[in-house]
Amino acid sequence: MKNNFKLLSISGASIILIGLLFSDSSWAGILWIIGISLIALSSHTNESLKGFSFTLWIVAAVVLTLQFPTPFVGYGDIKFKILIIPLLQLIMFGMGSTMQISDFQEVLKSPKAVALGVFFQFSIMPLVGWSLTKVFSFPSEISAGIILVGCMPCGLASNVMSYLAKANVALSLTLTSIATFIAPILTPLLMKNLAGQLIEIDLYAMIWEISKLILIPIVLGVIYNRIIGNKWAWFQEQLPLISMISIGLIIIIITANGRDALISVGPLLVLACFLHNIIGFILGYWGGRLTKLPEKDCRTIAIEVGLQNAGLASGLAMAMGKVATVGLPAAIFGPVMNINGSSLANYWKNK
């Protein structure tokens, strides 16, 4: 296994380096896709790097989509972007099907940590996103997309990352659940105040859209789990994989639709998303430290704050009819946060 890891990693890195020598972007892109795919395969053979494999496959898929966008835009008169909202609802249904009353018990055990976690979630990332739009001169709709990502609840991967980081998993589940349920109110209010000058925000329409994307699928998931969850155990076991595939498809579709805009602002947008994510981790962690929370709780809050629900941001951008612009930061933020989050979780795991 160790030899396979080395062989695949070295081969992948070598192919990527060779791709950098090509002036023809088509051939360079093909070599990068192959190289990243080999590195993704190598991560499956190394226990400490398995957390990166999904993100590496997403990166390979994004490079493929940037190189050959047409097949991922649609087929004939059918545009694949109509799949974004159903895919997101499927992800939320999966989340609801795993929810238990115990997910909220941490409110009684650690009310201070829960209150601070929710407060940091809906203050740090929205304000950091708004600040970044003042630093970078992006078009108004892309700037609104950065703020939109910041106004999202916790990312779906935060519970797994908390487990890997030896953080407080119970607190993570509680924060994710509470943030998701209050997002239909807080997210539109934050967007109206922070991004209202960039794009038109219909407050009540956004509340309804988020409710359709979050609350209804989650409630159906909870009902499904209570009534027939045990009868369809095979389906329950596959829901995490279905969610991961759905997230990947959403990112690919958005990248294909926003390819031209992404190429024009690509490197700067990647940098902005990277800073947004890293600053969220840092401020979340030190917010916990300064308020004298235990180390495990500080790690949890850092992860909950830094990992946003980029899929939900994509769904809202689609509902606005601006998936190719407002949705772009979400498509970039997803892979970036998973790379950074996996790295941070592995660092804390080994510390």
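Values in this text are rule-based calculations from the coordinates and carry no lab data. Predicted model only: the values in this text are computed from it and were never measured. Cβ coordinates were reconstructed from backbone atoms using ideal geometry, including for glycine residues, and neighbour counts include every protein chain displayed.
Beyond a 31 Å Cα-Cα separation, which of these cross-linked pairs lie in this structure: 112/192; 292/351; 109/349; 112/322; 109/351; 112/349?
112/322
Quick check on packing: order 214-224, 306-316 by the mean number of other C-beta atoms within 10 Å, highest mean leading.
Taking the mean over residues of other Cβ atoms within 10 Å, the ranking is 306-316, 214-224.
Quick one: which residues, 5+ away or cross-chain, put their amide H under 5 Å from the amide H of residue 74? H built at 1.01 Å from N.
HN-HN under 5 Å from residue 74: 80.
Please list 3J(HN,Hα) in residue order for the range 338-348, calculated via the Karplus relation 6.51 cos²θ - 1.76 cosθ + 1.60 where θ = phi - 60°; whole Hz, with x for glycine and proline.
Whole-Hz 3J(HN,Hα) from phi for the range 338-348: 5, 5, 5, x, 5, 5, 5, 5, 5, 5, 5.
Evaluate 2.2 N^0.38 Å with N set to the residue count of the range 164-260, then give the Cα radius of gyration divided by it.
Taking the Cα Rg and dividing by 2.2 N^0.38 Å, one obtains 1.37.
Step by step: find N for the range 77-350, compute 2.2 N^0.38 Å, then divide the Cα radius of gyration by it. What's the final number?
That works out to 0.94 for the range 77-350.
Can you run phi through the Karplus equation (6.51, -1.76, 1.60; θ = phi - 60°) for the range 69-82 and list ³J(HN,Hα) in whole Hz, with x for Gly and Pro?
Karplus values, whole Hz, x for Gly and Pro: x, 3, x, 9, 7, x, 10, x, 8, 8, 9, 5, 5, 5.
Each residue of the range 271-276 in turn: what ³J(HN,Hα) in whole Hz from Karplus with 6.51, -1.76, 1.60 and θ = phi - 60°, glycine and Pro shown as x?
Running phi through 6.51 cos²θ - 1.76 cosθ + 1.60 with θ = phi - 60° gives 4, 4, 5, 4, 5, 4 Hz.
If each DSSP helix of 4+ residues adds -39,500 (n - 2.57) and the sum is divided by the residues in the chain, what number results at 222 nm, nearest 500 deg cm²/dmol? Could the numbers behind the result be given before it?
Numbers: 18 runs with 269 residues, N = 351.
Mean residue ellipticity, 222 nm, calculated: -25000 deg cm²/dmol.
Taking amide H atoms as placed 1.01 Å from N in the peptide plane, list the residues 5 or more away in sequence, or in a different chain, whose amide H sits under 5 Å from that of residue 325.
Those lying under 5 Å, H to H, from residue 325: there are none.
With charges only on Cβ, +1 for K and R and -1 for D and E, what is the dipole size of the chain about its Cα centre, in debye, rounded to 20?
The calculation lands at about 780 debye.
Could you identify which residue out of 76, 196, 341 has the top mean-square fluctuation in a GNM of the chain using Cα springs shorter than 10 Å?
76
Output the relative contact order of the chain, whole-number percent, from Cα pairs under 8 angstrom with separation of 6+ residues.
Worked out over the chain, it gives 26 percent.
Can you give me the long-range amide H partners of residue 308? Hydrogens built in the peptide plane at 1.01 Å from N, cutoff under 5 Å, separation of 5 or more residues or another chain.
It is 155, by chain and number.
With a ≥ b ≥ c taken as the square roots of the eigenvalues of the C-alpha gyration tensor of the range 249-289, please select rounded if a/c is under 1.5 and otherwise prolate if a/b is larger than b/c or oblate if it is not?
Oblate is the answer for the range 249-289, as a/c is 1.5 or above yet b/c matches or exceeds a/b.
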